């Protein structure tokens, strides 16, 4: 790891100021992606701004029919939160299956969503549940947030302060893990909310995406039978030694059907 | 960048001057000479470095020493009451032959204790196997590790640890 | 990694060829390109700052143009070093064909990535290449041919109709338009600068 | 001895306490005052000429103490690394032996080949400086694809081995085998790949060294499975440091599985540089380096054919294998696909004629050498795969076909057509027990039930044999081994009656400190807590060959028994004197010398005390002291055998395989500590199942980059990949070693790949899949199913 200057601000405002003042600064929340990257010397930030002491970013609360999760909330907290389990059990389930227990004890929802790794789990939930991402400057709708591979609508120095998930009538997340890393090779989040049905796929492409054909079919009939003939073209999907694009396309169908079945249970 | 860092390790206040990039595991091993915590990989997957920070098991190779400022850290060296009185999890590992070369063992034991507590001393085989996702062992085939953790859960409960 | 692709640009062949040889155009189109200097008629040296998610690395290297056959195409090849991150190298045969007032740019890329990025980042290499291609060709097309009519630009040889519908289904039209192959070309570019 | 702690008892491990409390001492844990830290610059290219290597900028960087390159070694006349086993090809010519420089001089030949060593005040300083070293590479085409290594036009790895061929070796008489095939009622043919594996012991390799200017003594701490052999190689062949001036210490070592047998460039450099730097040097591999530079395992391409008569009796077997050596020949590389492989092709069967041809190839990849089982897993995989395939083709139950061809228990010692003479065994009761434990009879019902859930269920057998306990020195010597294969032991009683036992074997997980103590306790009656097993230090232990090839107990344990016999013989003379009896009348039992037929007795501790304080002692006949050495050279290999049955379910929608039942019945001869044996079998099974379902080293075919280069892409077995295993034992004691023991360290890994893959093929046969290569990953299985469906549709 290259050395850097370390900062531990106590407020969002201080953190944002530091990030804006130093163009080569990086924010660290859980550090589950950043620290391994730094260890491999694949990045050389001048400054690291640790959000660990920013108290206002943590916590889970209910606001009307929404679950609002602070950006620095750890995966383990989401997985075990009584409020999340009651309102959106699928979200708790998803959080409980990110990485391993030690990663869940450090990794945060804000960090994961801001990083937008193509194989991350949370983006599936954010898009399928049509969540709203709140930053220090604005609110961003899920569909506007994820822009591409590791790319989001966040501007430089903009921090996720919380994410608001509308309660789902039915929802489930099914993940097919990469056998080695256990990252999502394909993860499908299916949600039926007051606003309609959404099917979001993570892991399969460069960025989370929705499957409109499935959404339309499920809107009419929320059963796995309704989507059994809907296939996803392989073009443009990710391909590596663990899964060809064709295989990933196939798994999207399988995981979507299983997610619908799980949501109906 | 040199920074002062202070924390409690195994009940003892410790402090030192570190570079910002110093990992917690480096602080433990190189600054404090506590070499029980091991490093087995560089991609945060093997779990040989697991320690307890403020009641949560974490990978000490994926947290900066400065991030643990003010924390209470427990390592493998801090578990046994005395050389002759092992923690029930250590005892169960020994009783069930859950270690061979011993390299993954410290992290394995730390993860196992955390697992038992999180599941309120109630575990089944499938849960134990799933919860060991963050710890690799190349010797034991996990069979006896699973047995040991299942045996330790009630022992920890009755020992009140 | 070997990738072929085809791309439609709303400009004449001559104009496209000229743009492909214009360091200013290339520098503007290559994501993160900090400098691109011509060192001879067929050689350039470049510096590119690659930032993909948590990874950030600077590549320096040189690019060589060969088999120049204006306005039919050329071969571009080169290699770039990214320090601890590793290296990238490769070549692309670029062929330009007339199609009315437009130009079909086809490319056949052979790219190689090595070192740390190949060892620990294998899962991301293809995706990264696609992303960079997206950025490169979006800009290149706009600069050389003006903003493309969205659907008309779909022309990756390997992904005709279904790709478009897949893309539409996903609600992510823009990146698929670029086609797979171009990506690596840009990665080579990028790594090389 | 008490049943609770002697031979056969389930004794908890002595070594556990330190490992469980974080007080184990691995190489990286050593506190070395004034230490410097080494970092190795490695080649990022599979094949390149080094046009220029410029260290000038790096040398000026902060904290840098010294930088060494291959040229420094040439100037210092340092020798190359060696391959210690000369294999003669089918014309009697020794194998091609291209040079293996410790650090590259003008050419790099695999990604990870060592280019320069930076020594600095901190590891980070060393790494920073390494980044500033400028290497101008002229990249060359690389030969990565093993199957194409011998093709005309394939890039050449070394000029000394034209055509990339190290040897073209054979065993058996080809014409006789062909004649048998001509008469066969049925011939089963099989093409398979034995996938390349990366050992990944959890402790990465490490080395530290220090040089004492006053005495000229070097001390090298290394993660070695065999410190004496490492010292011998470094002294005699590589560095020229006199053997008595080099001490090699292998302290606690975190797993080896073969990968820590060999003499590597890094530890060689750390040792060599210690005297030049004048301060201690420490180096510990990062996992990324381990992936690239530890010797890999397996990697064969094989075609096999089995000839059977109409009843299913095996008539002949022929096997053609191309074995990957990587870019350089590692320490034992040449022996693995020949003497440790082809000689096992008889398996448990009476196959009368066997011919095997092995061609060893060079490729621009990391060196390949012994990995848990070394050659025997590859042989078992060929034999057990083709037997199951033949059973399926001939519609004979796979257990039945095996039974029909088993060597009968009355036939031992049994001479196979491939050189080995099996000393003992009784195979039918093993498979019977395994089938009972696995409920083979109930399988079809379970398959039907699984089908109703949409799952494809399969069952697979693997009846393995292995030759381990390496080895009779004269046999291996005649086959080209550069060393003897005996083992040593020294039993040193202290005056107070406790005992230190120095063994030449080395434990890196195998539990010698416990099992060897059990032997001492059993033979000499010394309480367990009065026994210390000392290993891993050339300064304190007698010359020994180390631990690999499941040899520690059969050879090292036997040496200990021999030494106990010497102690008892000497003790009897002393006891006779003390009891005023004749030596012939003294017997030794439970730690006490007695005069036969009387109640006169004297405990061993008293005899020991007398030996060190010989005031009342037969000094005229017996030397004082109680310290005996023994060296044991085995009469034959030992031949553990067993049957494993794997039952699994495949989800055809995703290609995912779940092992639902795994049974292993083994014959390891007598068992010293069943708890430890079980642990060895568990670990072995998991490594073998890992090979079958999860693990595979993947090099990019064009660039030679190792793309499965981290735990992100190399699938390590994890706890949730397995069920609990069912184990059992049948015992036929080894007739030629004093403990009657065989070896148990590798058996699990040797047998299990075939058991798993036979189950996979059994499960997939109903959907038309003919062949799946290892590892049977979800992608691989799904593609196989899809391919079969496409073929059926055509």
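The values are calculated or read from the model by the stated rules, or taken from the named source; none is laboratory data. Predicted, not measured: the structure shown is a model, and the values here were computed from it. Here the Cβ positions follow ideal geometry from the backbone for every residue, glycine too, while neighbour counts run over all protein chains shown.
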field: Filtered residues of region D:720-751 (kept if at the interface with chain B (Cβ under 9 Å from one of its Cβ atoms) and either in a loop (DSSP other than H, G, I, E, B) or buried (at least 24 other Cβ atoms within 10 Å of the Cβ) (or both))
entry: D:722, D:723, D:724, D:725, D:748
message: Go through (1) over 17 Å from residue A:39 (Cα atoms); (2) within 12 Å of chain D (Cβ to nearest Cβ); (3) in contact with a strand residue (DSSP E or B) (Cβ under 7 Å, 6 or more places away or on another chain); (4) buried (at least 22 other Cβ atoms within 10 Å of the Cβ) for residue B:52 and report which single condition fails.
response: (2)
All positions within region D:30-40 that are touching a residue at least 60 places away in the same chain (Cβ under 8 Å) and either surrounded by fewer than 21 Cβ atoms within 10 Å (Cβ to Cβ) or within 12 Å of chain B (Cβ to nearest Cβ) (or both): D:30, D:32, D:33, D:34, D:35, D:37
- prompt: Can you tell me which residue in region A:212-230 is surrounded by the most Cβ atoms within 10 Å (Cβ to Cβ), limited to those that are out of contact with any helix residue (DSSP H, G or I) (no Cβ under 6 Å at 6 or more places or on another chain) and either without any contact (Cβ under 8 Å) to a residue 40 or more places away in the chain or within 7 Å of another protein chain (Cβ to nearest Cβ) (or both)?
  reply: A:215
- request: Output the residues belonging to region A:78-94 that are without any contact (Cβ under 8 Å) to a residue 40 or more places away in the chain and more than 19 Å from residue A:63 (Cβ to Cβ).
  value: A:79, A:80
- prompt: Can you name every residue in region D:49-79 that is modelled with pLDDT under 95 and under 15 Å from residue D:134 (Cα atoms)?
  reply: none
- prompt: Would a scan of region D:682-695 turn up a residue that is crowded, with 24+ Cβ neighbours inside 10 Å and either in a loop (DSSP other than H, G, I, E, B) or within 14 Å of chain C (Cβ to nearest Cβ) (or both)?
  reply: yes
task: Among what's in region A:33-88 and is within 19 Å of the chain's Cα centre (by Cα) and in a loop (DSSP other than H, G, I, E, B), pick the residue that is farthest from residue B:57 (Cα to Cα).
output: A:88
task: Determine whether residue D:359 is crowded, with 20+ Cβ neighbours inside 10 Å and closer than 30 Å to residue D:160 by Cα.
output: yes
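Yes/no per residue for (1) within 10 Å of another protein chain (Cβ to nearest Cβ); (2) crowded, with 24+ Cβ neighbours inside 10 Å; (3) in contact with a strand residue (DSSP E or B) (Cβ under 6 Å, 6 or more places away or on another chain); (4) free of Cβ contacts under 8 Å to residues at least 60 places away in the same chain:
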residue	(1), (2), (3), (4)
B:74	no, no, yes, no
B:78	yes, no, no, no
B:93	yes, yes, no, yes
B:118	yes, no, no, yes
B:126	yes, no, no, yes
B:135	yes, yes, no, no
B:156	no, no, no, no
B:160	no, no, no, yes
task: State whether the residues of region D:469-481 include one that is touching a helix residue (DSSP H, G or I) at 6+ places or on another chain (Cβ under 6 Å), under 30 Å from residue D:398 (Cβ atoms) and crowded, with 21+ Cβ neighbours inside 10 Å.
output: yes
statement: Of (1) over 26 Å from the mean Cα position of the chain (by Cα); (2) assigned to a helix (DSSP H, G or I), residue D:386 fails just (1)
query: Scanning for something surrounded by fewer than 22 Cβ atoms within 10 Å (Cβ to Cβ), at the interface with another protein chain (Cβ under 8 Å from one of its Cβ atoms), in contact with a helix residue (DSSP H, G or I) (Cβ under 9 Å, 6 or more places away or on another chain) and not in a loop (DSSP other than H, G, I, E, B), does region D:660-677 turn up at least one residue?
result: yes
- request: State all residues of region D:167-185 that are assigned to a loop (DSSP other than H, G, I, E, B) and either in the same structural domain as residue D:343 (by TED's automatic domain parsing) or under 12 Å from residue D:418 (Cβ atoms) (or both); if no residue qualifies, say none.
  value: D:172, D:173
task: Kindly indicate whether any position in region B:32-47 is buried (at least 21 other Cβ atoms within 10 Å of the Cβ), more than 11 Å from chain D (Cβ to nearest Cβ), touching a strand residue (DSSP E or B) at 6+ places or on another chain (Cβ under 6 Å) and farther than 16 Å from residue B:137 by Cβ.
output: no
statement: Exactly one of B:15, B:82 is surrounded by fewer than 20 Cβ atoms within 10 Å (Cβ to Cβ), within 11 Å of chain D (Cβ to nearest Cβ), free of Cβ contacts under 8 Å to residues at least 12 places away in the same chain and over 25 Å from residue B:137 (Cβ atoms), and that residue is B:82
query: Which members of region B:55-72 meet the condition of being surrounded by fewer than 24 Cβ atoms within 10 Å (Cβ to Cβ), on the phi < 0 side of the Ramachandran plot and either under 13 Å from the mean Cα position of the chain (by Cα) or in a strand (DSSP E or B) (or both)?
result: B:56, B:72
